[in-house]
Each structure stands twice: as C-alpha cells, then as structure tokens.
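What follows is one structure encoded as structure tokens, with my remarks underneath.
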Amino acid sequence: MTDTAVPASADLSALDLLATLVAVVDDAGRIVYANHALEDAIGLSRRNLQGVDLADWLLPASLWHNALQGAQQHEYAVIRYDTQLRRLLRPPLPVHLVLATTDERARRIVEMLPLEQQARQEREERLLEQTQANKAMIRNLAHEIKNPLGGIRGAAQLLQLELGQRPDLAEYTDVIVHEADRLQALVDRLLEPHRRALQFSDVNIHEVCERVRAVLLAEFPKGLQVVRDYDTSIPEFRGDRELLIQAVLNLAHNAAQALRERIAAGDARITLRTRVQRQVTFGKRRVRLALELHVIDNGPGVPDDIRERIFYPLVSGRDGGTGLGLTLAQTFVQQHQGLIECDSRPGHTDFTILIPLA
C-alpha cells in the first residue's frame, strides 16, 4: 500500500461515531479505514480489512468497479447505487452505497446505508415532520374552537334560565351544554401536552409497566392476561414518570379495546416486554444505548386503511374512539427524544417505544 493510502487514523476516528457503514479507500479501491459499524456488519476488525480490495466484499463486484472507474476519471463527484455487502457467517446485506472523493490525495469515502435502515430513517423523519405539523395544527385549531365554544355554552345557560317555565324546550339547551362540555374536554386533551412542563426524575421503566398492568387488570379482571417479560438489568433514566405511564397506558388501553372479542372468549393477551438495544439510530442520530419497550397483543391487527395514519390526531380504528391516544403517546415519547413504531398483522400487533438511555 502506498504512503498516500495510509493516512493517520486520528483524522478518521470521528467516523466511528456514525451509525452508517463507512470505509475510506485509496484510488485503487483498497480499504484504508473501516469504521466500527462496518467492522460489526462484516464481522472483521479494521486491522484485517485494511489493505483489502473493497470489491471482495461487494456483490456484484462489477458495479463497484464501474463506480470506482467513474470516480477515477472524474466523471461524477458522487456516485450512488444499490448493492450487497458480503458478511461472515451471515447472508449478504442489501445496502445503498455512496462513493465520493474526500481530498486531493485521491482517498475516497464509501458510505453504505442498509436499505432497511434507510427506509426506517426516512420513515422516522416523515413521522417527526408529521408530528410537528400536527402539534401546530392542534394548538391553532384548539384555540380557535375554545373561545366560541365558551360563548355557545354561556348562551345556552342563559337560554335555560329564560326557558325555566318550558321544560320541554329546556331539554334542547341541556343537549347544547352537554355537547359543549364534551367538546371542551376534547380540546383540553388536545392542548394537554403543550400545557404541562416536563418533570424529570429518575425513572424505573418496570415501575411504569407495573402501574399500567395494574390499571389494565382492574378494568379487565377477566379474560385478559397481561404477561411480564422484563429485562431487569435496564438502568434507571431521566424522564417524566407520569407522562411515560400515560404513553404506555394509551398503547395498552388501545390494545385492550382491540381485544374485546378475545376478552369475551377468555384468550386475550397483552405482553409488556422490555429490552436494551445498543447502537440505535434515531433519525440521523446514533445513541449507544436505548430502551426498547414492547406492548404486544394478539388482537386482529391495525386496519389496513388507517395503518399509515394511526399516529394522526382524530384517526381511530374503532367506533366511539377519539383518535387521540396514539397521538398523545407519540408526543409524550418524543418529549423524551424517542419514538414509537408499529408492526401489525392479524394475531400480532407490536407497538415499540424506543427511548435513548445513553
């Protein structure tokens, strides 16, 4: 290997902080530096990878040779294509490869983003943008509704006084007042996440789960089994305990509502599972340690027609639902820099809360 292909590693060490797989190669395509993510993906240390032709790890190699030739001839500043990364003792990993020249020494940086991870990042970014838009819309809409709603209720109460001698008509004003109160409660729930200041303290996630489990079993004492599957090694973390209880309870309560028929049959099951995930990516941010909390049910699954919209406000899969439970849960979790994901099919729905721990 030439001197120009062996730069000091100090200027490349920052690449180890990235969640994406990164290699620095020389002009001939030999690996100069592999970051930790690439080491983990392939199953070899960077010492063993150094000096190896990257083509040996890409399938098909011809696509890499064509891309490298284009870069050598300065045909493109950046080249992108989908390929597969070979791995030891595991199937090849589909990746989106980005090849770019880094400096005058003809070093090239190769970034490989697993296609599944890329899709997840794009989904997370869309979800975050959607949530921000929802929050702004909800605040504006709630404030626009609240003022005239108070006026309607006040007018109805005055009308009640005028109709004191006409009980047959007072029934109508009772309906107005009742519906105004119901809408006021809905507006208050919409504004709730934006009113309350976060109250952070040390949180034990299993105390949160046990609180949710107790509430569920009190509401559904028969026909519902709430299974504990805890990793008791999970450390405490800084969070708002009450908001986390509400977030998990919203998910669990939604699951219980979807299990009505199974509860009646006596075979409904909700599983609360906790795990630790390492090297997790939230959007474009990588964290060393994250909490993974699953709320799993054996119900019918999320209806196909709302699956992509379940975290939108006022979208509900059941009659009489407000469509706020999942929206509020997502908001509460995002206030902890986390997110909620959903994997659903008939007989198995898994809502997963991910929150950074370190």
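Every read-out reported here was derived from the displayed coordinates using simple, explicitly stated rules and does not represent laboratory data. All values reported here derive from a predicted model rather than from experimental measurement. Counting neighbours? That spans all protein chains shown, and the Cβs are built from the backbone with ideal geometry, glycine included.
Overview of results
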item: Taking segment 3-114 and dividing mean pair separation by its residue count, relative contact order in percent (alpha carbons under 8 Å, at least six apart); result: 25 percent
item: Ranked by how many other beta carbons lie within 10 Å on average, peptides 168-177, 69-78, 211-220 from highest; result: 211-220, 168-177, 69-78
item: For peptides 330-340, 223-233, sequence by mean Cβ density within 10 Å, most packed first; result: 330-340, 223-233
item: Amide H within-cut-off set for GLN225, under 5 Å, with H built and near neighbours excluded; result: ALA268, ARG269, ILE270
item: Segment 242-247 - phi-based ³J(HN,Hα) in whole Hz, Karplus 6.51/-1.76/1.60, Gly and Pro as x; result: 5, 5, 5, 4, 5, 4
item: Amide hydrogen neighbours beyond the local backbone of TYR230, cut-off 5 Å, H modeled; result: THR274
